[in-house]
Amino acid sequence: MTVSEIMAELKSFGNEKIKNILLKHGVKEPFFGVKVEHLKTIQKKIKTDYQLALDLYATGNADAMYLAGLIAADDKMTKADLQTWVKQAVSTNISEYTVPWVAAGSNYGFELAREWISADEDNIAAAGWATLGNLVALKPDDELDLPALKLLLDRAEKNIRQAGIRTQRNMNTFVVAVATYVSPLASAAAATAAQIGAVIKKPGNNAPAKKKKTVKC
């Protein structure tokens, strides 16, 4: 399928009711309001296509960008690709889901996540913490840098109250993911969570991905 064909199909699947809901949840124009089930229908036709994913993402259409994450060849993504993606991820579903799951499956996830969490932009910092949450959920403990993760727990405890709301949510998700999936740091993460307490201003769906599964959703 070409980009033009896909964009036409996305437009045909557009739903104003879904669009209005997504607008309220931080998805930004332009987009059509396509249900994820329809995006997955297109994904099944394409499967994985590195260049097509880049081209779809470059449209700036949030539906196309989300689809790009579903068909991306994570292991082929370059550092430059991922830097471009995170800078263009202004919609919450892209910055907190699409970019993190692709980055976590790439060869640069941990490196870039530690860079992104220092960004002044809330959406980029949030993407960094979300990437860290995905990484600890997906990788076995013996592939993780445990000392670095302990320092990140300390950083979250120290800085979460001063962070932007999106960054707060994803810092919190990271702490929960470490407590859930990283056995050697479970106690430390639980202690961090106790020190943080209730800091999230509004409820959100921050459940981490299941460990050792790379299903994109």
If you go through Val34, Val27, the only one that is under 21 Å from Trp116 (Cα atoms) and of a type in the set (Val, Ile, Thr) is Val27
Checked segment 55-73 for anything in a helix (DSSP H, G or I) and either of a type in the set (Val, Ile, Thr) or open to solvent by 30 Å² or more (accessible area, probe 1.4 Å) (or both); matches are Asp55, Ile71
Per the list (1) open to solvent by 60 Å² or more (accessible area, probe 1.4 Å); (2) in contact with a helix residue (DSSP H, G or I) (Cβ under 7 Å, 6 or more places away or on another chain); (3) under 30 Å from Arg155 (Cβ atoms); (4) not basic (Lys, Arg), residue check on Glu111 breaks on (2)
Within segment 44-54, residues farther than 16 Å from Ser12 by Cβ, part of a helix (DSSP H, G or I) and not small (Gly, Ala, Ser) come out as Lys44, Ile46, Tyr50, Gln51, Leu52, Leu54
Over segment 13-42, the set of residues surrounded by 13 or more Cβ atoms within 10 Å (Cβ to Cβ) and in a helix (DSSP H, G or I) is Ile18, Lys19, Leu22, Leu23, Val36, His38, Leu39, Lys40, Thr41, Ile42
Over segment 141-172, the set of residues of a type in the set (Asp, Glu), in a helix (DSSP H, G or I), in contact with a helix residue (DSSP H, G or I) (Cβ under 8 Å, 6 or more places away or on another chain) and open to solvent by 60 Å² or more (accessible area, probe 1.4 Å) is Asp154, Glu157
Output for Cβ contacts, cut-off 6 Å, separation at least six or different chains, first residue farther than 16 Å from Trp101 by Cα in segment 111-134, second buried (at least 24 other Cβ atoms within 10 Å of the Cβ) and not hydrophobic (A, V, I, L, M, F, W, C), reads Asp122/Thr167
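Looking at segment 1-38 only, could you name the residues that are in contact with a Phe, Trp or Tyr (Cβ under 6 Å, 6 or more places away or on another chain) and of a type in the set (A, V, I, L, M)?
Leu10, Val34
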(1) touching a residue at least 40 places away in the same chain (Cβ under 8 Å); (2) touching a Leu at 6+ places or on another chain (Cβ under 7 Å); (3) surrounded by fewer than 22 Cβ atoms within 10 Å (Cβ to Cβ); (4) not hydrophobic (A, V, I, L, M, F, W, C) all hold for Lys45 apart from (2)
For segment 1-12, state whether one or more residues are open to solvent by 60 Å² or more (accessible area, probe 1.4 Å), within 30 Å of Ile165 (Cβ to Cβ) and at pLDDT 95 or above. no
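What residue, among those in segment 181-206 that are buried (at least 17 other Cβ atoms within 10 Å of the Cβ) and either of a type in the set (D, E, K, R) or farther than 17 Å from Pro147 by Cα (or both), is modelled with the highest pLDDT? I'd like the intermediate steps shown before the answer.
The initial filter retains those residues of segment 181-206 that are buried (at least 17 other Cβ atoms within 10 Å of the Cβ), namely 181-182, 185, 188-189, 192-193, 196, 204, 206.
Cutting the leftovers down to either of a type in the set (D, E, K, R) or farther than 17 Å from Pro147 by Cα (or both) gives us 193, 196, 204, 206.
Working: Ala193: 93, Ile196: 89, Gly204: 44, Asn206: 41.
Ranking the candidates gives Ala193 first.
The values are calculated or read from the model by the stated rules, or taken from the named source; none is laboratory data. Every value quoted in this text rests on a predicted model; they were computed, and no experiment measured them. Note that each Cβ is placed from the backbone with ideal geometry, even for glycine, and that neighbours are counted across all protein chains shown. What goes into the accessible areas is simple: the full protein's heavy atoms, side chains included, and nothing from ligands, DNA or RNA. Shrake-Rupley method; radii C 1.70, N 1.55, O 1.52, S 1.80 Å.
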